[in-house]
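Following: one structure in structure tokens, then a few remarks.
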Amino acid sequence: MVFSSQFFLFFFLPIVLAIYFIVPPRARNAVALAGSLWFYAWGAPKFIFVLLALCAVDYGVGRAMHPASGRARFRWLTLGVVCNALGLIYFKYANFFVEQMNGALEALGVGGVSWTAVALPIGISFFTFQKISYLVDLYRGTAQPAASLGSYVLYVILFPQLIAGPIVRYQDVHDQLRFRTCTAAGFFSGMWRFCIGLGKKVLLANAMGEIADRLFDPKQSDLSSPAAWLGVLSYAFQIYYDFSGYSDMAIGMGRMMGFEFLENFRRPYLSKNFTEFWRRWHISLSTWMREYIYIPLGGSRISLARTYVNLWIVFLVSGFWHGASWSFVAWGAFHGFFLSVDKWKKDHHWGDGPRWVAIPATFFFVCLSWVLFRCNTLTHALHYLGDLFQSSLFHFTAWQTAWSSHLDARGHALFILSLFLCFRPEGPWVRPSAVLPQPSDSAPKTWPRAAWQFAGSMALLLLSASALANSSFNPFIYFRF
Amino acid sequence: MKLFFRVSCGCFFLALWLPMIQQYLHPLPALALHGVETPPPRVKLTRDSWFDGVFAQKTEARYSASMGLRAYFVRTDNELNLSLFGKLRDKAGTHVVVGKNGVLYEQSYLDNVRRPRQAHEETIVRTIERLKRFHALCREKGVGFLLVVSPSKVTVCPESIPEGALPPPEKRKAVLYDRMMPRIREAGIPVLDGRELFLKWKSDAAAPLFPKGGTHWSYYGAARVLETMIPMLEKQTGKNFPNPRVTDVKTDREIYREDADLMALLNIWTLYWRAGIQHHPVIEKDTDPAATPGNFLCIGDSFSHALNHLMDQQGVTGSLDNFYYFHRRIHYPGETQTPFERETIDPKTEIESRDAVIIEINEYWFPDFGFDFIPQALKAYGRDL
């Protein structure tokens, strides 16, 4: 089940929250664990056992590693990390590798290998990174082993962040697993955050997705440049509102249950360069990559050449982590290139230029990278990139035609709203917005703000629930049988 | 502030629980959703259905379809979209197009002009030949036969179609109606051409021939058709049927049967306000004591409902069976509905017991005259192609 489904919103969530708050605080972990097991088993009934088995292995390795020291401790860490990595490689990338190998063998005139496709467990990319984070944090001594297997399993599969993050490092939550407080103010703050995320996902992301899907359809031929750009922009908004909406819902639900997860998005399209973009976009992933790949490889404390190599490694891994496809690798390499450029500029004391130039320029290149991310194949991506830069780009009538033929009144309104919410100015001179959550937001302290957030929550819940209910209602006027 | 937070959280909690409460306890009035859905099947929880994910998927679909407050949510979303953007979300089912001045059209009728249904020349020839043979068969058995072609709102009332919904007339391809009607007339098949009549009556009709919020001819339009149809059936059969006349039109806000079916399909809160004034025919019954109600068989689509209902209401028929899409028997008087399998129908019994057979078809459905009843009937008499 997904967060933005009626079953989750009006069946699973109220039942789990009700039981969670009825039971005594010491039983809340058990309730959260049971709810999370139900959540995962519902969507992936076969893989729940694989996940529990992998968790048992990690827990056992953690238990064995904790009292050990020196090489033995490192060997336990290696064993744990390799097991997790192998699991991820097998389930997520085996099909891709076999396909590439078969392609190469067939090109050489040798028959391919027969292979039964492996199904992909939901959320494996996220929970694998979380499990590695546990082992590394134990190894470094920045966290204590989980009090019990149940506590560890809860960390891995806590349902708010299981499927799509944020990637929670063990060191950030291990105290909360042992002790946390649930207050009305905290629940209120979580409720507001959850409803914002729901609205972003259902009202904005889905609408932008409809436009992007039409324009990115490989069967679309003769796309004009303005139409291609409309597709890219729609996708840029779709992916932002979808992903950040999910994160908001996860953070909101966590807060309702007394957990504090780190922020995952901070208005990323207002970045002045790619380095800043990755401090604002999918923050939990970039944090994980920095902590567990970039720094162990030496980070920037080694030679310049090795630093650049490390940056590329991190982003190639990041690209591949997103999906088993060359277009994702290309996307990662694209970002790796621009991060290297940022590093070079910083080393040579070059600035980014004025904000009004740097922000649009960064957004422009980020949009180009989204083409690589969105298209299923590299061929389609390259073709689409070509469509972006045709002569029709400079014809006003082409823009008018693209705008009117691909956007209806609803599409217009939601596109402009998406644009506005993404690019609203931020800064200390702007009053903190009650519409979009700011980092480390807490419950409102003034009546007007509290009333506004309550009314906004109810309105967003009603609008989102209405949109969801209507999307599942597809009647015919009469029976035709 | 603490109390405010607690009350707010309570309200949020209640909001999450309300659909389940409504589903099982019904504290709020139940609202119906207009339109026809195929309900998701119930799936038994078994090992296989669980591990295949089928149980979870179907359970969620069933939950969505039966969730409490669903009608409230759907109406709210539709009302907002219609009020703010002038159209509804694109749907997989029947798509309603909101035209100028709030006149509604069904998307499939617009599509039939944009991308008309086509048929091979051979199919057209065979269809017309079957109609001819069926007509001859009815004549032989002393049973009247009439082909009633109901018009499309798109062709009769194109003035309210939104800009860009249709290509300009010079770029449109011929629809099957245009290709087949001349040949049907040439073949001597008795036909009541609804499109021709409506285009002729449109300029001086006392009421709209198509209602603003409906996809079918209005009751006024259907009553005018009935006025024209009865004399044609009398000529065919030599019998004297009651012949009601439209004498006047009354207006009120009562929505009569299918007159606002598209409007109802919008599933909005302001249906009655948007539907506006409704026009109803005032019909004078035929008081001729020599007129005798007939026994009719009708095979038709949804346009036949209004016609059949009027025939029953005005005493034109003592017994009428409508084979709706040749899948469901609707019997008058009583308007009882019974689905059937086509093979169970004995065309001989059905035809020979009647005064007349009426095949009603909308121009959209060409060339499916009788929805396979005619070949089955001809086969029963050994006269099929």
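The values are calculated or read from the model by the stated rules, or taken from the named source; none is laboratory data. All values reported here derive from a predicted model rather than from experimental measurement. Backbone-built Cβ (ideal geometry, glycine too); neighbour counts: all protein chains shown. Areas reflect the complete protein model, heavy atoms only, side chains present, ligands, DNA and RNA absent. Shrake-Rupley method; radii C 1.70, N 1.55, O 1.52, S 1.80 Å.
Points worth noting:
- Surface calculation, 1.4 Å probe, protein heavy atoms: A:Lys345 sits at approximately 40 Å² accessible.
- Kirkwood Rh in Å, taken over chain B so that all alpha-carbon pairs contribute: 23.6 Å
- By the rule of a C-alpha distance below 23 Å, with chain neighbours fewer than 8 residues away ignored, the lysines paired with B:Lys171 are B:Lys100, B:Lys153.
- For chain A, the membrane-span-like helix rule (DSSP H, alpha carbon extent of at least 30 Å along the helix axis, mean Kyte-Doolittle at least -0.5) picks out A:225-256, A:326-347, A:447-471; this says nothing about an actual membrane.
- Rotationally averaged projected area of chain A (alpha carbon convex hull; nm²): 29.3 nm²
- Expected-Rg normalisation [2.2 N^0.38 Å, Cα atoms] applied to region A:212-301: 1.43
- Adding -39500 (n - 2.57) for every DSSP H run of four residues or longer, then dividing by how many residues chain B holds, sets the calculated 222 nm ellipticity at -12500 deg cm²/dmol.
- Region B:1-105, relative contact order [Cα under 8 Å, separation at least 6], %: 22 percent
- For B:Leu192, the residues whose modelled amide H falls within less than 5 Å of its own, excluding neighbours fewer than 5 places apart on the same chain, are B:Leu147, B:Val148, B:Val149.
- Computed over region A:103-203, Kirkwood Rh from alpha-carbon pairs, angstrom: 16.9 Å
- Surface/4 of the Cα convex hull for region A:10-92, nm²: 7.3 nm²
- Legend: mean number of C-beta atoms from other chains within 10 angstrom of residue C-beta atoms, peptide B:263-270, equals 1.
- The protein assembly as shown - convex hull of the alpha-carbon atoms, volume per residue in Å³: 228 Å³
- For region B:1-107, the spread of Cα positions along the three principal axes, ordered from largest to smallest, is 51, 49, 23 Å.
- Antiparallel bridges, percent of DSSP beta bridges restricted to the protein assembly as shown (to nearest 5): 50 percent
- Relative to the current alpha-carbon distance between B:Ser108 and B:Ala32, full extension at 0.36 nm per residue lengthens the span by 24.9 nm.
- Translational diffusion of region B:17-173, µm² s⁻¹ [Kirkwood Rh, Cα pairs; Stokes-Einstein; 20 °C; 1.002 mPa s]: 102 µm²/s
- Normalised by residue count, region B:64-150 yields a Cα convex hull volume of 197 Å³ per residue.
- Ratio Rg/Rh [Cα only; Rh per Kirkwood] for region B:240-385: 1.03
- Percent of C-alpha pairs per 5 Å bin, region A:41-173, short to long: 2, 10, 18, 19, 16, 11, 8, 7, 4, 2, 1, 0
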